[in-house]
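The values are calculated or read from the model by the stated rules, or taken from the named source; none is laboratory data. Not measured: the values here are computed from a predicted model. All Cβ positions, even for glycine, are placed from backbone atoms using ideal geometry, and neighbour counts span all protein chains on display.
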Amino acid sequence: MTDSLRHARRISGLLVKDHVFTLPLVHARDDDARRDERTLEVFAREVVPPDRDADDLPWLVFLQGGPGHGAPRPLKRDGWIRRATEEFRVLLLDQRGTGLSSPVTHRTLARLPDAAAQAEHLTHFRADSIVEDAEAIRRRLCGDRPWTVLGQSYGGFCLATYLSFRPEGLAGGMFTGGIPPVTGSIDEVYRRTWPRVIDRNERYYARYPEDRERVTRICRALDAGDVRLPGGDRLTSRRFLQLGLQFGFSDGAEHVHYLVESAFVDGPDGPELGYAFLRASLGLLSYDTHPIFSVLHEAAYANGEATRWSAHRLRAEHPEMAADREPPFFTGEMIEPWQFEEIGELAPLRDAAHLLAEKDDWTPLYDPSQLARNTVPCAAAVYLEDMYVDCELSLRTARAVPGLDVWVTNEYEHDALRADGARLLGELLERVRGGG
């Protein structure tokens, strides 16, 4: 592998170095005699205080949530990065297909001959491949020296895969809102998730009762007319109601409320949904800009089974989520097949998405027997009322992993690392070192 460093510069309190690594699309397994010649690029950003760049610091690699989102772009030395760089050289990894790594979009996938080829290509963008990328990068940057991984949300799922198949690469691991269910079916995940979404809706309308009429009015207007988003897509009521994804964040209900309260403006023919409302809605509905999040979201739970649009199927078990309910209930972190009809950037991936939903021979993401033998010191923050990652399923996994110190708290929502990162990371580091 050639020198990966492309650029280095200083920003407020940090020296930032950009790395690009050329890696196999398909990592060969030890017993695999066949070699796939396809490659991709993976981007990673190293951050360290300028006065410590010459020091022999241990590495901490950050795995972002998602799937399908790039790593954070540091603006200054603050939050969890400030705490981490007190003792680590930090690597912010753009997981394959995201950020500045070789992108996955409907345009890049259009180069492939058909939906089957697209689906096959996308199977190489799950946690198992992300971990193999990380290991290749670790060997390039650290040699035989193991590093510490901080996994936020889906990044924690990747960390569990790391502990399963490449524990020798880890000096320690920290989960924030992301201990995955290692056993059980994806349907169990959504049977637990839908009731929490319903609860968040009830809390939202109790906090903002005036929004009952407002949301109902917005949905009626969207269903009655052809309302277009700035990008050209039609905004339907069910797409608008996906704003409930925000309810799992500490400030999410407020974001939705402020959007809803200003939705209508005076138009030439009376009140109409304003451009600012439509533009802000588009900004919060980022499925089109992060296609991996949509096309591989349920595949993140596929541990050898077909997902068959689990969230969509399980919704039928909850009459509170009926489409004709008034006031309408928002949805959460659910991907449904109609999105690949209505969202312009996802529509070209429709056939590939359906093939992936029916795929029943996924490679395993976890090794329960290896996790039961774990010797890597780990710590986790598990949020008692997390809307996205079920607390009980997380604790079920945690109880089966020796050396995993769990901090269960109701102080935080899923975005705790963003909201109070320095404190959170400090607590987890103490627990990894046996002080929890």
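Taken over region 162-200, residues that are surrounded by 24 or more Cβ atoms within 10 Å (Cβ to Cβ) and either within 18 Å of Arg431 (Cβ to Cβ) or out of contact with any Ser or Thr (no Cβ under 9 Å at 6 or more places or on another chain) (or both) amount to 9.
Given the criteria of a type in the set (Gly, Ala, Ser), under 28 Å from Ile292 (Cβ atoms) and in contact (Cβ under 8 Å) with a residue 40 or more places away in the chain, does Gly65 qualify? Spelling it out, Gly65 is indeed of a type in the set (Gly, Ala, Ser), under 28 Å from Ile292 (Cβ atoms) and in contact (Cβ under 8 Å) with a residue 40 or more places away in the chain. The residue list Asp415, Asp386 contains one member that is of a type outside the set (A, V, I, L, M) and in contact with a His (Cβ under 8 Å, 6 or more places away or on another chain), which is Asp386.
From the residues in region 281-336 that are outside any loop (DSSP other than H, G, I, E, B) and of a type in the set (Val, Ile, Thr), which one is surrounded by the fewest Cβ atoms within 10 Å (Cβ to Cβ)? Selected residue: Ile292.
Could you please let me know if Ala353 is surrounded by 14 or more Cβ atoms within 10 Å (Cβ to Cβ), in contact with an Asp or Glu (Cβ under 9 Å, 6 or more places away or on another chain) and outside any loop (DSSP other than H, G, I, E, B)? Spelling it out, it is not the case that Ala353 is surrounded by 14 or more Cβ atoms within 10 Å (Cβ to Cβ), in contact with an Asp or Glu (Cβ under 9 Å, 6 or more places away or on another chain) and outside any loop (DSSP other than H, G, I, E, B).
From Leu393, Leu417, grab the single residue that is touching a Pro at 6+ places or on another chain (Cβ under 6 Å) and either farther than 23 Å from Leu109 by Cβ or not aliphatic (A, V, I, L, M) (or both).
From the options Leu393, Leu417, the qualifying one is Leu393.
Flag set for Gly173, criterion: in the same structural domain as Ala28 (by TED's automatic domain parsing) and within 21 Å of the chain's Cα centre (by Cα). In the set Val401, Val382, Val408, which member is modelled with pLDDT of 95 or more, at negative phi and in a loop (DSSP other than H, G, I, E, B)? Result: Val401 is the single residue among Val401, Val382, Val408 that is modelled with pLDDT of 95 or more, at negative phi and in a loop (DSSP other than H, G, I, E, B). Kindly evaluate Arg214 against the criterion of being touching a residue at least 40 places away in the same chain (Cβ under 8 Å), surrounded by fewer than 22 Cβ atoms within 10 Å (Cβ to Cβ), touching a Lys or Arg at 6+ places or on another chain (Cβ under 8 Å) and among the charged types (D, E, K, R). Judged against the criteria, Arg214 is not a match. Of everything in region 356-383 that is without any contact (Cβ under 8 Å) to a residue 40 or more places away in the chain and within 24 Å of Arg431 (Cβ to Cβ), the residue that is surrounded by the fewest Cβ atoms within 10 Å (Cβ to Cβ) is Ala372. Of the residues screened, Asp56 is one that is assigned to a loop (DSSP other than H, G, I, E, B), at pLDDT 95 or above and surrounded by fewer than 22 Cβ atoms within 10 Å (Cβ to Cβ). Looking at region 226-240, which of its residues are surrounded by 16 or more Cβ atoms within 10 Å (Cβ to Cβ), of a type in the set (D, E, K, R) and assigned to a loop (DSSP other than H, G, I, E, B)? Listed by number, the list holds a single entry, Asp233.
Quick check on region 384-399. Is at least one of its residues aliphatic (A, V, I, L, M), buried (at least 18 other Cβ atoms within 10 Å of the Cβ) and not assigned by TED's automatic domain parsing to the domain that holds Gly172? Scanning region 384-399 turns up no residue that is aliphatic (A, V, I, L, M), buried (at least 18 other Cβ atoms within 10 Å of the Cβ) and not assigned by TED's automatic domain parsing to the domain that holds Gly172.
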